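Trainee: Submitted below is the structure of interest, expressed as C-alpha coordinates.
The values are calculated or read from the model by the stated rules, or taken from the named source; none is laboratory data. As the structure is a prediction and not an experimental result, all values here were calculated from the model. Glycine also receives a Cβ, built like all others from the backbone with ideal geometry; neighbour counts cover every protein chain displayed.
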(Lines give C-alpha, C1' and ligand atoms only; values in the text may rest on other atoms or scores of the structure.)
Protein backbone atom coordinates (compact mmCIF):
# COMPACT_ATOMS: atom_id res chain seq x y z
CA UNK A 1 0.00 0.00 0.00
CA UNK A 2 1.47 3.38 -0.99
CA UNK A 3 2.37 5.91 1.74
CA UNK A 4 -0.51 8.29 0.97
CA UNK A 5 -3.02 5.45 0.90
CA UNK A 6 -1.80 4.25 4.31
CA UNK A 7 -2.37 7.68 5.83
CA UNK A 8 -5.88 7.89 4.33
CA UNK A 9 -6.69 4.36 5.54
CA UNK A 10 -5.52 5.09 9.10
CA UNK A 11 -7.35 8.45 9.18
CA UNK A 12 -10.59 6.83 7.96
CA UNK A 13 -10.24 4.05 10.52
CA UNK A 14 -9.72 6.48 13.38
CA UNK A 15 -12.73 8.51 12.25
CA UNK A 16 -14.91 5.38 12.14
CA UNK A 17 -13.82 4.26 15.61
CA UNK A 18 -14.33 7.75 17.03
CA UNK A 19 -17.81 7.99 15.49
CA UNK A 20 -18.74 4.56 16.81
CA UNK A 21 -17.63 5.51 20.31
CA UNK A 22 -19.83 8.61 20.24
CA UNK A 23 -22.96 6.69 19.18
CA UNK A 24 -23.99 5.48 22.59
CA UNK A 25 -23.45 7.19 25.90
CA UNK A 26 -25.78 4.95 27.89
CA UNK A 27 -24.37 1.77 29.31
CA UNK A 28 -26.12 -1.58 29.36
CA UNK A 29 -23.61 -2.70 32.00
CA UNK A 30 -24.55 -2.10 35.63
CA UNK A 31 -22.53 -2.41 38.81
CA UNK A 32 -24.84 -5.24 39.81
CA UNK A 33 -23.84 -7.13 36.65
CA UNK A 34 -20.15 -6.48 37.32
CA UNK A 35 -20.37 -7.68 40.93
CA UNK A 36 -22.41 -10.75 39.97
CA UNK A 37 -19.96 -11.61 37.18
CA UNK A 38 -16.82 -11.13 39.24
CA UNK A 39 -17.84 -12.27 42.73
CA UNK A 40 -16.62 -15.85 42.02
CA UNK A 41 -13.15 -14.26 41.57
CA UNK A 42 -12.86 -12.83 45.09
CA UNK A 43 -10.82 -15.72 46.53
CA UNK A 44 -8.37 -15.61 43.62
CA UNK A 45 -8.09 -11.81 43.73
CA UNK A 46 -7.18 -11.85 47.43
CA UNK A 47 -5.26 -15.13 47.79
CA UNK A 48 -4.08 -16.13 44.31
CA UNK A 49 -3.83 -19.79 43.40
CA UNK A 50 -6.10 -21.53 40.91
CA UNK A 51 -8.64 -19.33 39.12
CA UNK A 52 -12.09 -20.91 39.53
CA UNK A 53 -13.93 -21.80 36.31
CA UNK A 54 -16.95 -19.76 37.49
CA UNK A 55 -14.62 -16.75 37.81
CA UNK A 56 -13.38 -17.08 34.23
CA UNK A 57 -16.94 -17.65 33.02
CA UNK A 58 -17.89 -14.36 34.69
CA UNK A 59 -14.89 -12.51 33.23
CA UNK A 60 -15.71 -13.78 29.74
CA UNK A 61 -19.39 -12.97 30.09
CA UNK A 62 -18.68 -9.46 31.36
CA UNK A 63 -16.21 -8.88 28.52
CA UNK A 64 -18.88 -9.92 26.00
CA UNK A 65 -21.57 -7.77 27.66
CA UNK A 66 -19.34 -4.69 27.81
CA UNK A 67 -19.13 -4.19 24.07
CA UNK A 68 -19.34 -0.39 23.80
CA UNK A 69 -17.10 2.34 25.17
CA UNK A 70 -19.82 3.39 27.63
CA UNK A 71 -20.22 -0.23 28.78
CA UNK A 72 -16.49 -0.68 29.31
CA UNK A 73 -16.14 2.63 31.14
CA UNK A 74 -19.05 1.69 33.41
CA UNK A 75 -17.60 -1.77 34.06
CA UNK A 76 -14.24 -0.18 34.83
CA UNK A 77 -15.77 2.30 37.30
CA UNK A 78 -17.76 -0.48 38.97
CA UNK A 79 -14.62 -2.62 39.30
CA UNK A 80 -12.79 0.33 40.87
CA UNK A 81 -15.58 0.80 43.38
CA UNK A 82 -15.91 -2.91 44.14
CA UNK A 83 -12.15 -3.32 44.61
CA UNK A 84 -12.16 -0.52 47.16
CA UNK A 85 -14.81 -2.39 49.18
CA UNK A 86 -13.02 -5.75 49.19
CA UNK A 87 -10.01 -5.70 51.50
CA UNK A 88 -6.83 -7.37 50.31
CA UNK A 89 -7.36 -7.37 46.54
CA UNK A 90 -3.92 -7.91 45.03
CA UNK A 91 -2.92 -5.72 42.09
CA UNK A 92 -0.80 -8.60 40.80
CA UNK A 93 -3.68 -11.09 40.84
CA UNK A 94 -6.14 -8.56 39.40
CA UNK A 95 -3.83 -7.63 36.53
CA UNK A 96 -3.21 -11.29 35.65
CA UNK A 97 -6.88 -12.33 35.73
CA UNK A 98 -7.81 -11.55 32.09
CA UNK A 99 -4.81 -13.50 30.78
CA UNK A 100 -5.50 -16.45 33.08
CA UNK A 101 -9.07 -16.51 31.74
CA UNK A 102 -7.91 -16.16 28.10
CA UNK A 103 -9.62 -12.78 27.72
CA UNK A 104 -7.87 -9.93 25.93
CA UNK A 105 -8.64 -6.41 27.07
CA UNK A 106 -6.80 -3.43 25.56
CA UNK A 107 -6.00 -1.68 28.84
CA UNK A 108 -4.18 -2.56 32.04
CA UNK A 109 -5.97 -3.71 35.17
CA UNK A 110 -4.56 -1.67 38.03
CA UNK A 111 -5.71 0.58 40.85
CA UNK A 112 -4.03 3.53 39.13
CA UNK A 113 -5.88 3.13 35.81
CA UNK A 114 -8.22 6.04 35.04
CA UNK A 115 -11.44 4.65 33.55
CA UNK A 116 -12.22 7.90 31.75
CA UNK A 117 -9.11 7.42 29.58
CA UNK A 118 -10.50 4.20 28.12
CA UNK A 119 -11.65 5.83 24.85
CA UNK A 120 -8.21 7.23 24.12
CA UNK A 121 -6.52 3.92 24.95
CA UNK A 122 -8.79 1.92 22.66
CA UNK A 123 -8.15 4.36 19.80
CA UNK A 124 -4.39 4.07 20.31
CA UNK A 125 -4.66 0.28 20.51
CA UNK A 126 -6.67 0.10 17.28
CA UNK A 127 -4.25 2.47 15.55
CA UNK A 128 -1.38 0.22 16.61
CA UNK A 129 -3.17 -2.79 15.08
CA UNK A 130 -3.81 -0.87 11.84
CA UNK A 131 -0.21 0.19 11.54
CA UNK A 132 0.93 -3.37 12.14
CA UNK A 133 -1.28 -4.54 9.26
CA UNK A 134 0.19 -2.01 6.82
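Trainee: Where in the range 25-87 are there helices (runs of 4 or more DSSP H), lying fully within it, with 2 or more residues that are surrounded by fewer than 17 Cβ atoms within 10 Å (Cβ to Cβ) and at pLDDT below 85?
Mentor: 69-85
Trainee: Sticking with this structure for a sec: Against the definition (part of a loop (DSSP other than H, G, I, E, B), at pLDDT below 75 and either surrounded by fewer than 14 Cβ atoms within 10 Å (Cβ to Cβ) or touching a strand residue (DSSP E or B) at 6+ places or on another chain (Cβ under 9 Å) (or both)), how does residue 116 come out, yes or no?
Mentor: no
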